[in-house]
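Peer 1: I have a structure I would like to understand better, so I am pasting it below and will then ask my questions one at a time.
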Amino acid sequence: MNKKLNILYCSPEVTPFSKTGGLGDVAGSLPKALAGAGCDVRVITPKYAGIKESTHKLKKVIDSISFKIGKRDEAGSLYEGKLPGSKVPVYFVSCDKYFVRKEMYQENGKDYEDNLERFSFFSMMVLHSIEKMGWQPDVIHCNDWQTALIPLYLKTTFKEKKIGTLFTIHNIGYQGLFDKEKLSLTGLDSDIFNIKGIEYFGKINLLKGGIIFSDIVTTVSPVYSKEIQTKDYGYGLEGVLNERSKDLYGIINGVDYDEWDPSSDNHISVRYSIKSIGRKKGCKKDLQKNCGLPLTDRPVIGMISRLDDQKGLDILVEIMDELMHLDIQMVMLGTGKTIFHNILKKFKVKYKDKLSVNLFFDNTLAHKIEAGSDLFLIPSKYEPCGLSQLYSFKYGTVPVAHKTGGLADTITDYTPSTIANNKATGFLFSHYSPDDLLKAILLSLSVYEDKQTWKKIVTAGMKSDFSWKRPAKEYVRLYKEVSGG
Ligand code: ADP
């Protein structure tokens with residue numbers, strides 16, 4: 001009989017406990033699918049200020065773990081809870097001085113000064129906790145720069161431990177860069193700071209370390225795994241990734257349909273499915289009411305996004321005036337760069353009967369937008385996977401997106417042949433420019449008027465299956481490879 005694979009899934013955010021973006025959703029759902037695929041999987045993450053013991057029924061399991069990082073004495077404790085709707089244990093690394101803060105990584109657009117100490121501590125705590133748990137993972141699955149020191153520690157300080165590592169890059173634009181003078185804060189020897197190690201143009205680059213020192217590297221879509229090996233998308237790490245191309249895989253993220261399904265969604269006012277798609281109109285009305293927009297049948301374009309250049313805000317604001325002269329409404333939800341907050345606030349005043357701008361984080365509104373919109377805008381310059389288009393499919397909301405990364409992998413563009421085959425699920429534009437974005441939106445709006453064709457696109461999206469079943473199997477295959485199983 002096959003031995004169960006023990007997997008420790010490490011993530012700096014896990015929905016519903018903590019979330020700034022897609023990684024939270026992935027960490028809150030993939031482990032459940034891994035458990036379903038037969039793994040003994042456990043999750044470990046920091047215990048941030050917002051994670052309350054009473055709300056999430058957490059119990060303290062280890063009172064104090066103390067150790068040294070370089071010359072620094074550190075100590076933390078460990079809490080345990082469960083991923084909702086499952087038996088998957090989630091361990092929370094607790095240390096008030098590092099994790100009881102207003103935000104998770106930065107405040108007012110400025111990274112916390114001590115992020116290197118915070119996440120060196122977290123990574124060390126992960127490895128020390130294993131010793132106390134009496135449970136040995138075959139593979140530690142790390143995610144993004146915040147956990148990238150774990151593979152390094154396993155090759156250095158903890159080299160007697162025989163644990164495989166799989167490292168997932170969710171966005172190569174975030175690398176965890178620090179001044180070289182801070183190296184001692186990681187507890188690593190100075191010989192790691194060289195071009196074959198974690199040095200990157202005179203700085204410490206944690207993501208680079210994760211890429212080099214992990215057994216296998218994955219990213220979140222096949223197209224993105226190719227893109228990041230090129231100069232245009234690699235953010236300076238294309239060479240390092242090229243060297244690891246044999247061990248680099250692209251696996252599309254899945255969706256937690258327990259959370260994102262209009263037939264069972266508690267956040268929306270009317271529930272619906274393909275068979276009762278007419279009821280989606282009720283969600284549109286509810287969204288318009290919530291956002292103070294007039295109740296009309298005209299198309300509503302939704303957008304939920306971090307407000308960043310990566311997400312295509314730069315080309316969107318250029319066409320905003322033209323868009324607002326069309327017979328449409330638009331609802332935006334997002335937080336991010338001050339410059340975009342300011343620009344959008346101005347548009348909000350200028351077009352108050354057509355445009356709803358919501359500059360905060362609100363999961364319920366996110367669900368209402370998915371359900372109540374007709375179209376969903378994802379003009380990202382680059383997009384490692386993107387979850388919004390997958391949620392949109394399920395809610396019968398048609399994505400208009402830039403043909404890049406996971407968007408290119410998951411959206412079937414509207415063409416005569418994809419329509420004839422009932423395969424089209426959205427509208428893609430290839431060239432990243434305001435003009436091409438506008439053209440794609442205009443095309444989608446003209447097709448919207450052709451109800452029969454529109455229904456075909458909506459139905460194809462709603463029928464698509466992006467559950468975690470398939471990606472989970474691919475991860476299990478890689479875990480086996482890493483653990484020699
Ligand atoms: P990224 O991780 O790059 O931000 P993804 O598309 O992978 O982008 O995931 C974004 C996730 O965060 C989606 O679940 C989206 O609905 C959610 N989200 C983004 N901004 C907000 C917000 N302001 N309020 C609520 N949810 C948000």
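The values are calculated or read from the model by the stated rules, or taken from the named source; none is laboratory data. The structure presented is a predicted model; accordingly, all values stated were derived computationally and were not measured. Cβ placement follows ideal geometry from the backbone for every residue including glycine, while neighbour counts extend to all protein chains displayed. In case anyone asks, the SASA skips ligands and DNA or RNA and just uses the protein heavy atoms, side chains included. Shrake-Rupley method; radii C 1.70, N 1.55, O 1.52, S 1.80 Å.
Peer 1: Out of the residues in region 286-343 that are without any contact (Cβ under 8 Å) to a residue 12 or more places away in the chain and aliphatic (A, V, I, L, M), state the one that is farthest from the ligand (Cβ to nearest atom).
Peer 2: Leu295
Peer 1: Need a quick list: strands (runs of 3 or more DSSP E) entirely within region 138-192 having at least 1 residues that are under 25 Å from Ala35 (Cβ atoms) and not hydroxyl-bearing (Ser, Thr, Tyr).
Peer 2: Where strands (runs of 3 or more DSSP E) fall fully within region 138-192 and carry at least 1 residues being under 25 Å from Ala35 (Cβ atoms) and not hydroxyl-bearing (Ser, Thr, Tyr), they are 139-143, 164-169.
Peer 1: If the requirement is being among the hydrophobic types (A, V, I, L, M, F, W, C) and within 16 Å of the ligand (Cβ to nearest atom), which of these qualifies: Ile216, Ile268, Ile277, Ile212?
Peer 2: Ile268
Peer 1: Here is a check on your reading of the model: is Ser18 in the same structural domain as Ile130 (by TED's automatic domain parsing), within 16 Å of the ligand (Cβ to nearest atom), touching a Phe, Trp or Tyr at 6+ places or on another chain (Cβ under 6 Å) and in contact (Cβ under 8 Å) with a residue 24 or more places away in the chain?
Peer 2: Here the answer is yes, as Ser18 does meet what is asked.
Peer 1: Of all residues in region 92-105, how many are open to solvent by 80 Å² or more (accessible area, probe 1.4 Å) and within 19 Å of Leu23 (Cβ to Cβ)?
Peer 2: Number of matching residues: 1.
Peer 1: Moving on to the next point. Lys354: farther than 26 Å from Tyr257 by Cα, within 12 Å of the ligand (Cβ to nearest atom), at pLDDT 95 or above and crowded, with 18+ Cβ neighbours inside 10 Å, yes or no? Quick ask: steps written out before the conclusion?
Peer 2: On the way: farther than 26 Å from Tyr257 by Cα: yes; within 12 Å of the ligand (Cβ to nearest atom): no; at pLDDT 95 or above: yes; crowded, with 18+ Cβ neighbours inside 10 Å: yes.
Here the answer is no, as Lys354 does not meet what is asked.
Peer 1: Would you mind finding the one in Phe376, Phe361 that is hydrophobic (A, V, I, L, M, F, W, C), open to solvent by 50 Å² or more (accessible area, probe 1.4 Å), within 12 Å of the ligand (Cβ to nearest atom) and touching a Ser or Thr at 6+ places or on another chain (Cβ under 8 Å)?
Peer 2: Working: Phe376 fails: open to solvent by 50 Å² or more (accessible area, probe 1.4 Å).
On inspection, the qualifying residue turns out to be Phe361.
Peer 1: Counting just the residues of region 264-285 that are part of a helix (DSSP H, G or I), free of Cβ contacts under 8 Å to residues at least 60 places away in the same chain and not charged (D, E, K, R), which one comes out farthest from Lys352 (Cα to Cα)?
Peer 2: Here the answer is Gly278.
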